[in-house]
Amino acid sequence: MTMAQDGKITLYALDCGTVNWRLYRMEYHYDGTKAQHVTSPLSSPLANFSDRKLPAVLTLTPDGTDLEDIGETALNFLEDTDIRTRVREFFKPSIGNHLVDNPSPHQLRYSHFKALLYTRLLLRKLIEQIREEKYNSGPLDDQIHFSIAYPDRWRTEFDGKIFEDFYHVILECFPPAIADRVHFVPESEGVILGLRDQSLLERFHSEDINLIIDVGGSNTTIYARKYNAETGALINIDRYEEPFGGGLYDALLAQYLSNDLKIPSRVLSGDPAAFMTLRIWGQLIKESLSREILGEPEIVTALSGQQALTLVMNNGQVFRQNKKLTPSEFAQLCLPLDQAFQDVLTRGLEEMEIDDEVIGRVILLGGGTRVPGILKGIEDRFGDKLIYPPNPEEVIVRGIGLAFTSSLPEREEEEKKHIPEKKTGWRLIRESGEIVNVKKEILIAGRSQQSDILLDSKKCSRTHALIRLEGNALTLIDLRSKNGTFVNDIQLNPNSGQHLRAGDELRFGDQRFFLE
């Protein structure tokens, strides 16, 4: 891995969160050995950002074969019954669900590979916007680097298979010329660097066990760490994680809106896209009311100042809500979840065998800590031990932007230990004789223009199937295609893998290929 030798590097740090993505930009000076940052990490908003974030929402084209809009623009279509079915959001929790025995409901929104596909669609659009807005559509050269955050557990659980898939899908989004300048940094490292950047670690004491509580959109992670004052490092003691996040409040508000609009359950169950709309509305209402309760500046959103909600179902029925939820009503509604979060904390400390009395400092991270009931419960429990940094949801993305400060060679060597090896050698041959070389670890076959294997036939689905290269073994997975995926004329079950061998005949709908 090499870096520009003329001394200037621009690095973009990206945290692909569950509900929102965040992008930071900073500049480094590189002398050939060390990389020293010359600017502090700064939020880098693009056209579709609002409130320093990009909502993880995208809209597909009417035929479902390409990306139409992302972020706030996609949110604007929620009231249109024809477009609403094309909105896709909240897909990160689904990454890795194929390896979990009993996934939580929010993890089943999409399949693992669908979630990766939507992640790729959104990231490609984001990179395209960076090129347009920052570099006048010019090429990204060796002076431009990207740093990507990922959950630590993806690298350790299930033999690293989740990280391996994420790594390859993310890497495919960038121009090949800068592939060796895309870095992957675990969230825990971003946490430490982000806290150090704000001089928050100096408030830790070496003899104490300190807690870092990260409440995200889908998970809560509690890190127990000790502080080494001599080195400035945090020593890992234990970690606890549970699927509880701000997304549960969104779902709660979605149910409240459904009841308030008086939508019969049979009508709502027949229109899944409508419940998705209610959930996104719930998210926007939660963020707006939380800011109001916490006394933070109001940010313009799709629902700001809106007194009435109108939802048109796919059967033509129209439901309207004219009453705006008040802060006190919101707080009362959230009480059961607020208590449930306290139970998460209790279970975490009991699991790690840590008593409240031995805890030194407690630092809050993640957008979920902006929920008033969560914040108040932690304040009541830990009192003056609490440290609540500015913009807690941005600590990680700030930190990963600093991952290469002063220690570039060591950081690169550590990163290389976890990069999956890439092997190739397979190829698919169409009936027409066209050859498709298998050069990526994950290939999507379908009608979508974003597909790696384009299937130009109405008998094929937009995202028809997926081919995965693991080591030197190939696996074919049908993605619930309409007309089926076949190996040697035997149809595959949806979302189940079939190992492939040289000489196999593959058929996607009416499109035939031969593997060698």
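The values are calculated or read from the model by the stated rules, or taken from the named source; none is laboratory data. The shown structure was predicted, so the numbers you read here are calculated from the model rather than taken from an experiment. Neighbour counts are summed over all protein chains in view; Cβ atoms, including those assigned to glycine, are modelled from backbone coordinates with ideal geometry. Each accessible area value is taken on the protein alone, full model and side chains, heavy atoms only, with ligands, DNA and RNA left out. Shrake-Rupley method; radii C 1.70, N 1.55, O 1.52, S 1.80 Å.
Numbers for the structure displayed
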quantity	calculated
Pairs where the first residue, in the stretch 108-128, is within 14 Å of Thr18 (Cα to Cα) and modelled with pLDDT of 90 or more and the second is of a type in the set (Phe, Trp, Tyr) and assigned to a helix (DSSP H, G or I), C-beta under 9 Å, 6+ apart	Thr119/Phe166
Qualifying positions in the stretch 393-444 - open to solvent by 40 Å² or more (accessible area, probe 1.4 Å), among the aliphatic types (A, V, I, L, M) and at pLDDT below 75	Ile419
Residue tally, condition over 21 Å from Asn48 (Cα atoms) and surrounded by fewer than 17 Cβ atoms within 10 Å (Cβ to Cβ), over the stretch 104-145	6
The lone exception for Ser496 - which of (1) in contact with a Leu (Cβ under 8 Å, 6 or more places away or on another chain); (2) over 19 Å from Tyr167 (Cα atoms) it fails	(1)
Any hit, the stretch 237-248, residues being of a type in the set (Lys, Arg), crowded, with 18+ Cβ neighbours inside 10 Å and under 30 Å from Leu54 (Cβ atoms)	no
Lone qualifier among Asn483, Asn493 - being polar (S, T, N, Q), surrounded by 14 or more Cβ atoms within 10 Å (Cβ to Cβ) and part of a loop (DSSP other than H, G, I, E, B)	Asn483
